[in-house]
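**Student:** Structure incoming, see below.
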Amino acid sequence: NAPVTLKRLGPDAEKFVGKQKKLYIDGKWVTAASGETFAVIDPATGLIFDHVPAGDKVDIDRAVAAARRAFDDGPWARMTPADRGKLVWRLGDLVEKHADEIAQIEALDNGKPVNDARFGDVAFSYELLRYMAGWSTKITGQTIALSSAAPFHAYTLREPVGVCGQIVPWNFSFMMAVWKIAPALAAGCTIILKPAEQTPLTALRLAELVEEVGFPAGVFNVVTGFGETAGAALAAHPDVDKIAFTGSTEVGRKILAAAQGNLKKVSLELGGKSPMIVFPDADLEKAIPAVASGIFYNMGQTCSAGTRLYVHRNVSDAVLDGVARLAEKMPVGPGLDPISQIGPLVSDEQFQKVRGYIEAGVSEGAELFAGGRRVGDVGYFLQPTILANTRNHMSVVREEIFGPVLCAASFDDDGIDAVVREANDSIYGLAAGVFTRDLSTAHKVAKRLKAGTIGINTHHVVDPALPFGGFKQSGWGREQGYEAIQLYTEVKSIGVAL
Ligand code: TXE
């Protein structure tokens, strides 16, 4: 099966996959100091198809030293905002030029449908790079009228925060890397990127493009390696000024603990358990596909996935039947097959975790309404699944499953109070969706939901200009928009005695 999957790669992606992989540190390609590598697995077959360096603390130390030099002394520190912005824009152009190739590498490494990778992950990435390139020349401070009588002229400067460690997950590997590097580069920071061990390839391809653009050495470094070694060393490093992390809430806590040594700045984008509420007056023709993609996009391996459905009793049968019918029609297959809408889960570990949750849900009393079975006997394919009659105390409703599993419950109340209370009954607060034709209900519910992003008559709402991040245990800080520039800058107040 492996050759069948690999044969679907275009010539450029095939060439990249066939190449020996190295770390990118200080503008050079180097092996891990230990000489160790680890295997990269195709989730559509479970077979090893590549190896990458297993970077660890020594490599992180080298990369941090390079990033420190580039930030403190290098040409990067003296570059004008306009020149910096041009480099970021050019990186966006190169990502677009190589979009098909990057999408194919991502589809192979992560398993996601190649068209989702091309027109979702990669397209978003080049647009975000261009959006952030524009901010380079628009980062300003303020002049401030002092409230005391002192004769001061006072103003603020907004300066790059410094050397940034960026640790990203496997679910949108390339896009998460770009979400982090685009604002950091636009703000003038330097970077050590640590991709997830399950999907290290597109970060290395990104480093090749950074090199081609001509960023000064040390501005952008990539160290592939494991979380407990390379990731932990980066989070704890005393010369790193800021750490940005996307991943599990559990590891987010570890990052926070590790960051305490030098109290580096921390931003966290963590887990979610986002609700979708369907009121009885909703336009079901639109709500049903939105609910299906709210949960099943990227096989449910999306931090903002709409995993909990609360649907009014009057329309509950229609919505569940409709979503189940759509789910049945979604072709399941390797991400590199362009007709696939559901690829494999990213790893055997994730596959076992999700299956365990489906079993737990049923044994806790939920009804297996659709799906629930493995597809084929190689790779990590799972049918899109609906658990009905779930209750808020069940583990499947409380914990992040991170797979294609919708937990559906119905509500009777005609008001909004009870359903809003249920929707807010979670340790997470990343996103939510509200489906109704009533303008007043829509805005009232949106205001009362405790989540960072709310979709009205849609679920996934992301845009380079729109802040994204979580309430409660879904994280700290916001990415995208000007909020992301704020994450990568420090404010300095200056007073001049007149
Ligand atoms: O995530 P981890 P895993 C959730 C989802 C999933 C679960 C486990 O529920 O089932 O997490 O996935 C690095 N110090 N999300 O184990 O471990 C790691 O190398 C520093 C939600 O893959 O959080 C990788 O680069 N770094 C999430 C990154 O952290 C460490 C996306 C994320 O991995 C580290 C992914 C350590 N001690 C999983 N340990 C989302 N919010 O989108 C690991 N890492």
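**Student:** For segment 212-362, build the charge dipole from Cβ charges (+1 Lys, Arg; -1 Asp, Glu) around the Cα centre, then report which of Val319, Gly271, Ala305 sits farthest towards its positive end.
**Tutor:** The Cα lying farthest towards the positive end belongs to Gly271.
**Student:** Taking only complete DSSP H runs, can you tell me which helices of the chain stretch 18 Å or more along their own long axis by Cα positions and average at least 1.0 on the Kyte-Doolittle scale?
**Tutor:** Those that pass (Cα extent of 18 Å or more, hydropathy at least 1.0) are 173-187.
**Student:** Another one. Please list the three semi-axes, largest first and in whole Å, of the ellipsoid equivalent to the chain, using sqrt of 5 times the eigenvalues of its alpha carbon gyration tensor.
**Tutor:** Here the semi-axes work out to 38, 30, 19 Å.
**Student:** Report, to the nearest whole %, how much of the accessible area of the chain belongs to carbon and sulfur atoms, 1.4 Å probe, protein only.
**Tutor:** 53 percent
**Student:** Then there's this: Roll a 1.4 Å probe over the protein heavy atoms and report the accessible area of Asp413 in Å², nearest 10.
**Tutor:** Approximately 80 Å² for this residue.
**Student:** Using unit Cβ charges (K, R positive; D, E negative) and no other charged atoms, how large, in debye to the nearest 20, is the dipole of the chain about its Cα centre?
**Tutor:** Result for the chain is approximately 1000 debye, rounded to the nearest 20.
**Student:** Taking every pair of Cα atoms in segment 5-91, average 1/r, invert it to obtain the Kirkwood radius, and report Rg/Rh to two decimals.
**Tutor:** Using only Cα positions, Rg/Rh for segment 5-91 is 1.10.
**Student:** Once every Cα of segment 86-197 carries one equal point scatterer and solvent is ignored, give the base-10 log of I(q)/I(0) from the Debye formula at q = 0.10, 0.13, 0.14, 0.24 Å⁻¹, two decimals.
**Tutor:** For the requested q values the scattering log ratios are -0.39, -0.57, -0.63, -1.28.
**Student:** Related question: One-quarter of the Cα convex hull surface for segment 39-86, in nm²?
**Tutor:** Averaged projected area of segment 39-86's Cα convex hull equals 5.8 nm².
**Student:** I need the trypsin sites (Lys or Arg not before Pro) found in segment 417-498, filtered to DSSP loop residues with at most 14 other beta carbons within 10 Å of theirs.
**Tutor:** Answer by residue number: Arg437.
**Student:** Also, I was wondering about something else. On average, how much area does the Cα convex hull of segment 339-473 cover when viewed from any direction, in nm²?
**Tutor:** In nm², the orientation-averaged hull projection of segment 339-473 is 10.1.
**Student:** Sort out for me the Cα centre separation of segment 121-144 from segment 424-477, rounded to whole Å.
**Tutor:** Cα centroid to Cα centroid, the span is 24 Å.
**Student:** Here is a follow-up. Percent antiparallel among DSSP beta bridges with both residues in the chain, to the nearest 5?
**Tutor:** Close to 45 percent.
**Student:** Would you list His153, His237 from the most to the least accessible area, probe 1.4 Å?
**Tutor:** From most accessible down to least: His153, His237.
**Student:** For segment 260-402, place one equal point scatterer on every Cα, skip the solvent, and apply the Debye formula. What is log10 of I(q)/I(0) at q = 0.09, 0.14, 0.17 Å⁻¹?
**Tutor:** Debye intensities relative to I(0), on a log10 scale: -0.30, -0.68, -0.96.
**Student:** Subtracting the Cα-Cα distance from 0.36 nm times the residue separation, let me have the gained length for Thr458 to Ala39 in nm, one decimal.
**Tutor:** Full-extension gain reported as 147.0 nm.
**Student:** Placing +1 on the Cβ of each Lys and Arg and -1 on the Cβ of each Asp and Glu in the chain, which of Gly335, Thr5, Thr31 has its Cα farthest towards the positive end of the resulting dipole?
**Tutor:** Among Gly335, Thr5, Thr31, the one farthest towards the positive end of the dipole of the chain is Thr31.
**Student:** In the neighborhood of Arg313, defined by Cβ-to-Cβ distances under 13 Å, what is the net charge if each Lys or Arg adds +1 and each Asp or Glu adds -1?
**Tutor:** -4
**Student:** If a paramagnetic tag sat 7 Å from the Cα of Lys329 along the Cα-Cβ line, which residues of segment 271-302 would have the backbone N under 19 Å from that point?
**Tutor:** Residues 283-299 qualify, since their backbone N sits under 19 Å from the label point.
**Student:** Sorted by accessible area (1.4 Å probe), largest first, how do Lys7, Lys22 line up?
**Tutor:** Largest accessible area first, the list is Lys7, Lys22.
**Student:** Can you give the Rg to Rh ratio for segment 219-270, taking only C-alpha atoms and Rh from Kirkwood?
**Tutor:** Result: Rg/Rh = 0.93.
**Student:** Now for a separate question. Mind jotting down the distance between the C-alpha centroids of segment 299-354 and segment 88-112, whole Å?
**Tutor:** The two parts, judged by their Cα centres, are 25 Å apart.
**Student:** With contacts defined as alpha carbon pairs under 8 Å and 6 or more residues apart, what's the relative contact order of the chain in percent?
**Tutor:** It comes to 18 percent, rounded to a whole number.
**Student:** On to the next question. Where the eigenvalues come from the Cα gyration tensor of segment 406-445, what are the semi-axes √(5λ) of the equivalent ellipsoid, largest first, in whole Å?
**Tutor:** Rounded to whole Å, the semi-axes are 17, 13, 11.
**Student:** Also: Could you order Asp321, Asp56, Asp50 by accessible surface area, starting with the largest, using a probe radius of 1.4 Å?
**Tutor:** Largest to smallest exposure gives the sequence Asp321, Asp56, Asp50.
**Student:** How much FRET efficiency would the formula 1/(1 + (r/R0)^6) give for Ile494 and Asp61, where r is the Cβ-Cβ distance and R0 is 45 Å, rounded to 0.05?
**Tutor:** 0.85
**Student:** Follow-up. Relative contact order (percent) for segment 290-411, with alpha-carbon contacts under 8 angstrom and 6 or more residues of separation?
**Tutor:** It comes to 33 percent, rounded to a whole number.
**Student:** What FRET efficiency would be calculated for the residue pair Asn392, Glu285, taking the C-beta separation as r and a Förster radius of 51 Å, to the nearest 0.05?
**Tutor:** After rounding to 0.05, the efficiency reads 0.95.
**Student:** At 1.4 Å probe size, with every protein chain present, just tell me what the per residue accessible area of segment 51-210 comes to in Å².
**Tutor:** Counting only protein heavy atoms, the per-residue value for segment 51-210 is 33 Å².
**Student:** Could you give the radius of gyration (one decimal) and Dmax (whole number) of the Cα atoms in segment 165-267, in Å?
**Tutor:** For segment 165-267, the Cα-based Rg and Dmax read 12.7, 37 Å.
The values are calculated or read from the model by the stated rules, or taken from the named source; none is laboratory data. Computed from a predicted structure; not experimentally measured. Glycine also receives a Cβ, built like all others from the backbone with ideal geometry; neighbour counts cover every protein chain displayed. Ligands, DNA and RNA are excluded from the accessible area calculation, which covers all protein heavy atoms including side chains. Shrake-Rupley method; radii C 1.70, N 1.55, O 1.52, S 1.80 Å.
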